[in-house]
Amino acid sequence: APWHLRSPTSRHPPRVPGPPTSHQPRASRTAHFPTVPAHLCGSCPGASRRAAPAHRRRRGDPARRAAYDLLRAVDEGAYANLELPQLLRRHRLSGRDAAFATELAYGTLRMRGLYDAVVEIAAGRPTGRIDPPVLDVLRLGVHQVLGMRVPIHAAADETVALAREVTGVGASGLVNAVLHRVGERDRDAWVAAVVGEREGSPRLALVHSHPTWIVTALRQALLGHGAATKADADAVLESLLAADNDPARVDLVARPGLATIAELVAAGAQPSTLSRVGAVLPTGAPGEIAAVRERRAAVQDVGSQLLTLALVDVPLAEGVPEGTWLDLCAGPGGKAGLLGALATERGADLVANEIAPHRADLVRSTLEPLTAHAAARGRRIEVRTGDGREFGAQEAGRYSRVLVDAPCTGLGALRRRPEARWRQSPDDVVALAPLQRELLRSALDAVVPGGVVAYATCSPHLQETTFVVRDVLKRRDDVEQLDARAFLRDAAGEPVAATGSGPAAQLWPHVHGTDGMFVALLRRRA
């Protein structure tokens, strides 16, 4: 039976022995959120710190409710980065309240693996025996205690109020008991408790809250891409896993011909040191910048900018005109926006293809200002809905530059997509492999002899990167692989350091501060 229908004596598991650390200073429970607004920490006058759960207020604050709603939406299949802006608007959150809700939700999603292990000890039962809505409330409470600067009394009071609002009075007793048990130890003590005697990947998986299979795959990727040696692999891997749990910075791209870096800087951004068309927004909301609202600029990871620029910077073979470029898998349109702007500058047209109609609509919306800009200069931006695997047969040798941003597991973008690590499985890697190879073959057939193809993924997994390129090239004698590292250049025009042993290039969150983007550059021989 659900826990709230059991006898009262079964609702509260026995106290977990351990060193009393409930009075640890706030800094010992700090992760990335620097301060908590007074009205969110429960320390304001009149806070019901010692009130019994049944006598506390029945509603949580809007910021915590927004974070809870996001967790429930993600559990039902939503994407956090798409759902969160809508929830912030729905709950009328802005400024510090919006920042608190964002860190609470994203931090909880990232650290779910560790927090579930903590909850199981503190609750004395497996998480599978806790109703999912109650479990999400507990996860939010644990993150406030172990990952944010929220005192235990405030975290307990506010989380109990949230539980009463979203799950009913019956859950408040369990939530109150579990959070106070969690508050008896600091983060380090809880990590030691849940890790126990584990070593290697199982230990790192718990400490850094990644599924074990992803930890193993990332270790292999570091070795395979030349980013680590057997001697330092464990230390480098730990740095990468820690970087996955750091909130990603807000990178902006100024689409050439539509916006400038100077315009973004005037709006509060800082010039990127990595991308000649990029900027970094240290504070504030991107939507408040006119160029972003008007789709002349966009939020785009700098790694995505670099690989797009690399494709454009490769010289075509002598006598090959720029003609028409192709983005084979364009949804939702970020890379197509930069690629199309660069194509217009070069006097080329762009075809942006997407197989899913609703994603093709997103591409059209994203590219609308660019389409008008290109038309005014006699160039064409065309968005199509089609299967990228068919372009090679239907339009052989038509395109001078082709980008294959292949569907992948997204293991290089775990900072931005915190829920992705819990949704993917090794089976997904296997399932995507044939599609990735077919798309690359199609692109190589669609490019004109002397033209260039960029194969890219936001995953460093060897099965999605170097193995795909190797397998496709084994069956072709009309393609040469270029050294992509020579074309990944920073804002000053210098080669980006530490991108691997070549000829493909791999970016890393812990080294470059970008998503873990992979790019291979291939030229079809003339």
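Counting only residues that are surrounded by 20 or more Cβ atoms within 10 Å (Cβ to Cβ) and within 27 Å of the chain's Cα centre (by Cα), how many does the stretch 442-462 have?
10
Of all the residues that make up the stretch 252-267, how many are open to solvent by less than 40 Å² (accessible area, probe 1.4 Å) and free of Cβ contacts under 8 Å to residues at least 60 places away in the same chain? Before the answer, list the steps.
Initially, the stretch 252-267 is screened for residues open to solvent by less than 40 Å² (accessible area, probe 1.4 Å), giving 252-256, 258-259, 264.
Filter once more, so that each one left must be free of Cβ contacts under 8 Å to residues at least 60 places away in the same chain: 252, 254, 259, 264.
Total meeting the criteria: 4.
When residues of the stretch 309-335 are filtered for being open to solvent by less than 10 Å² (accessible area, probe 1.4 Å) and touching a residue at least 40 places away in the same chain (Cβ under 8 Å), how many remain?
10
Restricted to the stretch 352-388, and to residues that are part of a loop (DSSP other than H, G, I, E, B) and in contact with a strand residue (DSSP E or B) (Cβ under 9 Å, 6 or more places away or on another chain), which residue is farthest from Leu328 (Cα to Cα)? Even if it seems obvious, please write down each step before you answer.
Taking the stretch 352-388 and keeping what is part of a loop (DSSP other than H, G, I, E, B), we get 355-356, 377-380, 386-387.
Keeping just the survivors that are in contact with a strand residue (DSSP E or B) (Cβ under 9 Å, 6 or more places away or on another chain) gives 355-356, 379-380, 386-387.
On the way: Ile355: 9, Ala356: 12, Arg379: 19, Arg380: 16, Gly386: 9, Asp387: 9 Å.
This residue is Arg379.
Just checking, which of Ala491, Ala498 is touching a residue at least 24 places away in the same chain (Cβ under 8 Å), out of contact with any Cys (no Cβ under 7 Å at 6 or more places or on another chain) and either farther than 23 Å from Gly226 by Cα or surrounded by 24 or more Cβ atoms within 10 Å (Cβ to Cβ) (or both)? Steps first, answer last, please.
Numbers: Ala498 fails: either farther than 23 Å from Gly226 by Cα or surrounded by 24 or more Cβ atoms within 10 Å (Cβ to Cβ) (or both).
From the options Ala491, Ala498, the qualifying one is Ala491.
Could you run through the stretch 174-197 and say how many residues are under 28 Å from the mean Cα position of the chain (by Cα) and not in a helix (DSSP H, G or I)?
1
Which of the following residues is touching a Pro at 6+ places or on another chain (Cβ under 7 Å) and either touching a residue at least 24 places away in the same chain (Cβ under 8 Å) or open to solvent by 30 Å² or more (accessible area, probe 1.4 Å) (or both): Ala161, Ala122, Ala205, Ala192? Spell out the reasoning first.
Details: Ala161 fails: touching a Pro at 6+ places or on another chain (Cβ under 7 Å); Ala122 fails: touching a Pro at 6+ places or on another chain (Cβ under 7 Å); Ala192 fails: touching a Pro at 6+ places or on another chain (Cβ under 7 Å).
So the residue among Ala161, Ala122, Ala205, Ala192 that is touching a Pro at 6+ places or on another chain (Cβ under 7 Å) and either touching a residue at least 24 places away in the same chain (Cβ under 8 Å) or open to solvent by 30 Å² or more (accessible area, probe 1.4 Å) (or both) is Ala205.
Mind listing whichever residues of the stretch 425-434 are assigned to a loop (DSSP other than H, G, I, E, B) and either open to solvent by 50 Å² or more (accessible area, probe 1.4 Å) or modelled with pLDDT under 95 (or both)?
Filtering the stretch 425-434 down to residues assigned to a loop (DSSP other than H, G, I, E, B) leaves 425.
Once the filter is applied, which keeps residues that are assigned to a loop (DSSP other than H, G, I, E, B) and either open to solvent by 50 Å² or more (accessible area, probe 1.4 Å) or modelled with pLDDT under 95 (or both), the stretch 425-434 yields nothing.
Please find, among Arg417, Arg437, Arg441, Arg470, the residue that is of a type in the set (D, E, K, R) and in a loop (DSSP other than H, G, I, E, B).
Result: Arg417 is the single residue among Arg417, Arg437, Arg441, Arg470 that is of a type in the set (D, E, K, R) and in a loop (DSSP other than H, G, I, E, B).
The values are calculated or read from the model by the stated rules, or taken from the named source; none is laboratory data. Note that this is a predicted model, so its numbers are computed, not measured. Note that each Cβ is placed from the backbone with ideal geometry, even for glycine, and that neighbours are counted across all protein chains shown. Surface areas here come from the heavy atoms of the whole protein model, side chains and all, with no ligands, DNA or RNA. Shrake-Rupley method; radii C 1.70, N 1.55, O 1.52, S 1.80 Å.
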